[in-house]
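Just below is one structure, and these are the notes that go with it.
The values are calculated or read from the model by the stated rules, or taken from the named source; none is laboratory data. If you're wondering where the values come from, they're calculated on a predicted model, not measured in any experiment. Quick reminder, even Gly has a Cβ in these numbers, built from the backbone with ideal geometry, and neighbours come from all protein chains shown. All accessible areas refer to the heavy atoms of the entire protein, side chains included, with ligands and DNA or RNA removed. Shrake-Rupley method; radii C 1.70, N 1.55, O 1.52, S 1.80 Å.
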Amino acid sequence: PPMIFVRPVPSMMIKQGHKHVGSDGMVYMPYLHSWRPRSHNLIDTVTSMARLFGEDPPVFSRPAGSVAAAPAPTPPPPPQYHHVTEEQERIRRMEMEANEANEAVRIAREAEAREVEDNRLAAESKQRLRDKA
């Protein structure tokens, strides 16, 4: 899942103990927790955040005269694209292997069905020969 951080401007601060934002600004919410790459997307992520933060804003105005705390540590960099493409390639290979296995099963089932039909026809032929004799 994407890593999302709230970064308040100097005149704002993160609400301590917020249900969906850690003290470092990292966003935690059910939509991210259940993230599935093929069914989740950033538009729905932002929509979910807007709903959650609309109900309980994670930041508030810093009290007058208070000193801004040191900025939160910089979040780790996003994964490099080569890691993503390696994972996509691994998944693609697995899908190809699964398709090949499914094709082998289909061919084996067809061969088995032909064999059953051949045996049935052979048995009928033998029965006709017996009936003629």
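Results, tabulated for the structure shown:
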quantity	calculated
The chain, accessible area per residue, ligands and nucleic acids excluded (1.4 Å, Å²)	80
In degrees, nearest ten, helix 42-55 long axis to first principal axis of the chain (Cα)	40
³J(HN,Hα), Karplus 6.51/-1.76/1.60, whole Hz, each residue of region 120-133, x for Gly, Pro	5, 5, 5, 5, 5, 4, 4, 5, 5, 5, 5, 5, 6, 6
In region 4-64, trypsin sites (Lys or Arg not before Pro) in a DSSP loop with at most 11 other beta-carbon atoms within 10 Å	19, 38
More than 27 angstrom apart: percent of Cα pairs within the chain	55
Amide H contacts of residue 59 (H built 1.01 Å from N, under 5 Å, at least 5 apart or other chain)	15
Extended-chain gain in nm, criterion 0.36 nm per residue less alpha-carbon gap, residue 43 and residue 90	14.2 nm
Inter-part distance where region 86-107 and region 108-133 are each reduced to a Cα centre, Å	36
